[in-house]
Amino acid sequence: MLEARALTKYYTHIPAVKDVSFTIRPGEILGYLGPNGAGKSTTVKMMTGLIEPSQGQIFYNGRTVYDDFTAYQKKVGYVPEEPHLYPHLSGREYLQLVGRLRGMPRPYLEFKMDEFLRLFGLWSDRLSPLSSYSKGMRQKILLSAALLHDPEILILDEPFSGLDVTSALMLRRLLHVLAAKGKMIFYSSHVLEVVEKVCSSVLILRKGEVVAYDSITRLRELMSQPSLEGVFAQLAQVDDGDAVAHRILEVMQV
């Protein structure tokens, strides 16, 4: 079980995230939602160890991860929002680098990365530099790198970014399969319709604080909304998109 307790992060005395708590059990996919600037990326960085929380703790199977953060990171597969890759490396070289950094035995690594390259439709481009890859291709490399070592925890930040329809459908199915195998999945996204189809529960942030944390079905019932989009709009207090769209049109026509 993965648990965050009262995670808080201050930047120059201003809280980017305040008292965020949640639990992800094996087989669960937690959707992590919020408007831009709500604190999603800050939370992801704390969960992956890129930054330290100002307050609060992360627990894995009942023990604080800070007792041995390296051991915790070995259990984690991470797909960042921005695909910062080494452009001069080929797709195969990048996966090889990731696997070696994780200490994977060479024959085991070679087999797995070549299979992933085939399964993600990248085999013919495996020796091409990453600088020549499209955004969707780079995303597939990041997904492959996150899955190489068979992690117990997946932390995904906009994992569908750049993927075509076929690849997105495959990834959606893959997330369900991974959850069925007992993986714990933290899924941060802006794409509400995918979150609604993939996640077992959602947490909604507003200005760094939790405004909702429950199953999607229960939130829809409590808020009397037919969809997650309606729940999100009400709780996150986002602008009326229809009104803004019409105002943009008016300004265009001045």
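No lab work stands behind these numbers, since they all come straight from the coordinates. Computed from a predicted structure; not experimentally measured. Virtual Cβ from ideal backbone geometry, glycine too; neighbours counted across all protein chains shown.
For this structure, a couple of remarks:
- Segment 68-137: relative contact order in percent, alpha carbon pairs under 8 Å with at least 6 residues between: 42 percent
- Here's how it looks for ASP214: its modeled amide H is under 5 Å from those of VAL202, which are all 5 or more places away or on a different chain.
- FRET E, pair ASN61, ARG102, Förster distance 22 Å, beta-carbon r, rounded to 0.05: 0.65
- Residue-by-residue Karplus 3J(HN,Hα) for segment 216-231, coefficients 6.51, -1.76, 1.60, Hz, glycine and proline x: 5, 4, 5, 5, 4, 5, 5, 8, 6, 10, x, 8, 5, 4, x, 4
- Contour excess over end-to-end distance, with Cα ends at TYR11 and GLU229 and 0.36 nm allotted per residue: 75.5 nm
- The aspartates and glutamates whose alpha-carbon is closer than 17 Å to the alpha-carbon of LYS197, local same-chain residues fewer than 8 away aside, are GLU28, ASP157, GLU158, ASP214, GLU221, GLU229.
- In a DSSP loop and with at most 11 other Cβ atoms within 10 Å, there are no trypsin sites (Lys or Arg not before Pro) in segment 2-57.
- The alpha-carbon of LYS207 sits under 25 angstrom from the alpha-carbons of these lysines, leaving out residues fewer than 8 places away in its chain: LYS9, LYS18, LYS40, LYS45.
- Multiplying the residue separation of ALA245 and ILE51 by 0.36 nm and subtracting their alpha-carbon distance yields 66.1 nm.
- Farthest toward positive dipole pole in segment 124-228 [+1 Lys/Arg, -1 Asp/Glu at C-beta], among SER167, VAL202, MET184: SER167
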